[in-house]
Amino acid sequence: MDRCVVLVDAGYLLGAAASLLAGEPARSRITVDHAALIQGLRERAEADTQQPLLRIYWFDGAPDRVPQPEHRRLRVMPRVTVRLGALTRSDGRWAQKGVDAAMHAELTELARNRACSDVVLVTGDGDLLPGLMSAKEHGVAVHLWAVQAADGDYNQSEDLVAEADERRVLDRAWITQAVRARDLTGICAPAPAPRPEIAAILSAPLPESALAASAERAAEAQAAAVRNGTAPPEAPSENGAAVPAPTGAKGVPTPKDLASLRGPGTTPAAPAPPASATLRWSSDKGWVERPGSALGESPETASLPTLAQLTSAEQRWADREEDITTVGGDPYEVGQVFARRWMERLPEPSHVQKLSTMYPRIPHRIDGELLRYAARFGLLAHKDDQIDEHDRYAIRAGFWREIDVRAAAERQPAGE
């Protein structure tokens, strides 16, 4: 077949571009216009091979092979196929697993089936040498492309370079058509300014009774440590008395603390919840007392419909199209999109006012649906072996931002 195929090792292409433009191979140091990059690869491949493009294969790694926002955008572009390997963390560094094997298998299969006459490889890994040699034996011309090295030296396997039929270098001018270094101050990028909505949720005060229970629990733990001989050394106070070393308790109420604060059965040592109590942590880790309602959802909020109940099959299909093509996957943006769809489909506008009275607690059913929606974008995944709680706050803050805007608009008298 007289046509060309491009196989891209995204880890090599973007990592080398980051080294060239930002001084280190971290992809977080660059921003990529994927549409422009794909168009540039297509035009360059057709010009170099003098053959029409069959397809661009984009090989990359992702945690648990879950497509990230950039993969979701790429895989709906014309003539682009995304193949994902695993992304694992070892010795403090991220590493791709299975990407080289997938490229080798694809290259060999294309050549064996004579699906193309020319193959463009954008990679530097010598593990692809057997696949490159196999493609040549099947009569396929192999073009090897390199990204201009930051230090002026090769950033590809010398054996791979020696075996390729043609070699080209994607220089800085070509790379910067689609890739830019992030705006940096000195060596490190400036820390992003915290959003006020997230800060408000994080800084909400804990109930005094819950703090007291947490302090009592910390004292019990310290006493037990003393009995077991595992307590840290005590520091002398100003009057000579021993002061227990701090236990590191953060004052976060446990479910046991909260259970002791519920109406009947409350012990004398546990006072009734204060009327001004507010939620500090996520919706399933805290409590809030509201006039005329028990702890938990009121009858009005319990009757609020979920987005799934409000969405038709046609709308569900349109939502998926929008998620793939226009939603970037930022946690705050994801919360906004979910809230906007939910409010637009509500049969009764009064539902928005009902929900706004619960801030910052989202009803359990809606909150679970919101987080499941966010998981489609690869959010809430394990980062450094721990779930990123800041993503959860950002998702909920985006949700509340949209609710607040709509509720404020409905409260405003007509004509103002």
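The values are calculated or read from the model by the stated rules, or taken from the named source; none is laboratory data. Bear in mind the structure is a predicted one, so any value in this text is a computation, not a measurement. Cβ: placed from backbone, ideal geometry, glycine included. Neighbour counts: every protein chain shown.
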- Keeping to the range 96-128, report how many residues are exposed (fewer than 14 other Cβ atoms within 10 Å of the Cβ) and under 22 Å from the mean Cα position of the chain (by Cα). 1
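Quick grid of which residues meet (1) touching an Asp or Glu at 6+ places or on another chain (Cβ under 8 Å); (2) more than 16 Å from Ala178 (Cα to Cα); (3) not hydroxyl-bearing (Ser, Thr, Tyr):
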site: Ala16; (1), (2), (3): no, no, yes
site: Ser19; (1), (2), (3): no, no, no
site: His34; (1), (2), (3): yes, no, yes
site: Ala47; (1), (2), (3): no, yes, yes
site: Arg55; (1), (2), (3): no, yes, yes
site: Leu74; (1), (2), (3): no, no, yes
site: Gly85; (1), (2), (3): yes, yes, yes
- Scan of the range 338-350 for residues that are in a helix (DSSP H, G or I) and loosely packed, with under 12 Cβ neighbours inside 10 Å, ordered by number: Glu344, Ser350
- Query: Does any residue of the range 2-9 turn out to be within 19 Å of Ser117 (Cα to Cα) and exposed (fewer than 14 other Cβ atoms within 10 Å of the Cβ)?
  - Reply: yes
- Query: Of these, Arg172, Arg182, which one is within 22 Å of Ala26 (Cα to Cα), in contact with a strand residue (DSSP E or B) (Cβ under 7 Å, 6 or more places away or on another chain) and among the charged types (D, E, K, R)?
  - Reply: Arg182
- Task: Could you check the range 13-129 for helices (runs of 4 or more DSSP H) lying wholly inside it with 2 or more residues that are among the small types (Gly, Ala, Ser)?
- Result: 34-49, 99-112
- Test Arg372 against the criterion of being more than 10 Å from the chain's Cα centre (by Cα), assigned to a helix (DSSP H, G or I), surrounded by 20 or more Cβ atoms within 10 Å (Cβ to Cβ) and modelled with pLDDT of 85 or more, and give yes or no. no
- Note: among Glu70, Glu109, Glu24, just one is touching a His at 6+ places or on another chain (Cβ under 7 Å), acidic (Asp, Glu) and more than 15 Å from Thr123 (Cβ to Cβ), namely Glu70
- Note on the structure: Listed by first then second residue, the pairs whose first member lies in the range 18-45 and is closer than 21 Å to Ile56 by Cβ, whose partner is in a strand (DSSP E or B) and basic (Lys, Arg), with beta carbons under 6 Å and at least 6 positions apart or on separate chains, are Thr31/Arg180
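Tell me yes or no: at least one residue of the range 326-337 is hydrophobic (A, V, I, L, M, F, W, C), assigned to a loop (DSSP other than H, G, I, E, B) and assigned by TED's automatic domain parsing to the domain that holds Ala394.
Yes, that holds for at least one residue.
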- Task: Please work out if Gly61 is surrounded by fewer than 19 Cβ atoms within 10 Å (Cβ to Cβ) and in contact (Cβ under 8 Å) with a residue 12 or more places away in the chain.
- Result: no
